[in-house]
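As structure tokens, the structure follows; a few thoughts come after it.
Taken together, the values in this text are just the output of simple stated rules run on the coordinates, not laboratory data. Note that the coordinates shown come from a computational prediction; the quantities given were computed from them, not determined experimentally. Every residue, glycine as well, gets a Cβ built from its backbone with ideal geometry; the counts of neighbours run over all protein chains shown.
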């Protein structure tokens, strides 16, 4: 057995299941789950139609590089959304969702024969980053989020010696769980560090199409182009249809960026057997080519957050995120500031599931940047989310 498997931590949902094993919520209340970030809005009809019209794709082996029509659809979307041009043949690659691609990329980027290979991640973070690093033979260095800046990552927490050992940097903007979006100045700083130390940047942008202000979130390739880095050197961006188009079960996305990194990533994926099926490719072309359903989806989230956030702000430390579909709420002194105890009580008394923030971060006791916070995924319909918010208000008022 691969000994590196022993280095993996239990996934947050696995830990939460163990922590709630003996809890019996009241059966008089319908269960509401705000713990899992699984989109629950309806998938667009055009995706259903494209899947049904391309069943013949089941009869052929797909190419790992994807069809030319899919690559062109993805490149055209990048041009419309970010104003950047990529070569669809050399700077772009379809993937089976951003999750598997984010994991697989570390296996390409890390050279375990070099001294103390290091992967830098935000903290709190999407645990795939950590698992990918550990299984590639690297260790992680964590940059905590800063509550004073709406939980933007404080990259200054990584010292020069650590940057010198770094081979891969994971960036998540908009962030999970905080919703923070990185501005151009921070990208400029990270690009300078990449130039100095030679590490590659993997930019996770799966929440990019759900935002609440007037301006859409800045993308990594967009930031690079604005700074004159049109070759996207040592930069690869990862995006997905799961949140944008409400099709998490399709497992469809793409990566784009530096051709010098796309090439070995394609080689790895060819051996790994990571080709996207023809049906999914056809449905993906339809989805990337349409913005009407994306705008409608964004409007649903905006209306939902506009109603739920003020309700919760009366009892929790919470405000509208920059983007994404999570609320990253502080519980204050309730339950002594223990987010796990708070979430267990909410489930036991009101049958509402949320995810304790400390399960999404790493840190010694008293220094875990997720401690004292909870993540609420507002992925259900507005009525269900409002009912959950009302139960949370009642619970918090009872604690007070």
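Numbers below:
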read-out: Expected 222 nm ellipticity per residue - DSSP helices of 4 or more, -39500 (n - 2.57), all of the chain, to 500; value: -12500 deg cm²/dmol
read-out: Computed label-point distance, nm, for sites residue 15 and residue 348 using a 7 Å Cα→Cβ extension; value: 2.0
read-out: Mean separation of Cα contacts under 8 Å (6+ apart) over length of segment 276-400, as relative contact order %; value: 26
read-out: Gyration tensor (alpha-carbon) shape descriptor, segment 1-62, a/c threshold 1.5; value: oblate
read-out: Gain in span if fully extended, residue 159 to residue 259, counting 0.36 nm per residue against the direct Cα distance; value: 33.1 nm
read-out: Rounded to 10°, Cα long-axis angle of helix 382-399 versus longest principal axis of the chain; value: 50
read-out: Sites residue 367 and residue 87 - FRET efficiency at Förster radius 56 Å, r taken between beta-carbons, to 0.05; value: 0.80
read-out: Estimated Rh, the chain: Kirkwood, alpha-carbon pairs, angstrom; value: 21.8
read-out: Two-site label geometry, residue 317 and residue 42: point separation in nm, points 7 Å out along Cα→Cβ; value: 4.1
read-out: Cα long-axis angle, helix 68-82 against the chain (0 to 90 degrees, to the nearest 10); value: 60
read-out: Cα-based Rg and Dmax for segment 247-400, where Dmax is the largest Cα-Cα distance (Å); value: 20.2, 57
read-out: For segment 101-218, diffusion coefficient by Stokes-Einstein and Kirkwood Rh (Cα), 25 °C, 0.890 mPa s, µm²/s; value: 170
read-out: Distance (nanometres) between label positions extended 7 Å along Cα→Cβ at residue 2 and residue 79; value: 3.9
read-out: C-alpha center-to-center spacing [segment 241-277, segment 118-140] in angstrom; value: 19
read-out: Helix 184-197 axis, angle to the chain major axis (alpha carbon atoms, nearest 10°); value: 60
read-out: DSSP-defined antiparallel bridges as percent of all bridges, the chain, nearest 5; value: 50
read-out: Exposure proxy ranking, count of Cβ atoms within 10 Å, fewest first, for 153, 318, 280; value: 318, 280, 153
read-out: Directionally averaged projected area (convex hull, Cα atoms, segment 320-372), nm²; value: 4.2
read-out: Sorted by Cβ neighbour density within 10 Å, fewest at the top, the residues 27, 20, 178, 90; value: 27, 90, 20, 178
read-out: Normalised contact order of segment 45-290, rounded percent, pairs of Cα under 8 Å and 6 or more residues apart; value: 30
read-out: Percentage relative contact order, segment 1-157, counting C-alpha pairs under 8 Å, at least six apart; value: 19
read-out: Ranking of 84, 255 by count of other Cβ atoms within 10 Å, fewest first; value: 84, 255
read-out: Stokes-Einstein translational diffusion, segment 38-155 - Kirkwood Rh over all Cα pairs, 0.692 mPa s, 37 °C, in µm²/s; value: 184
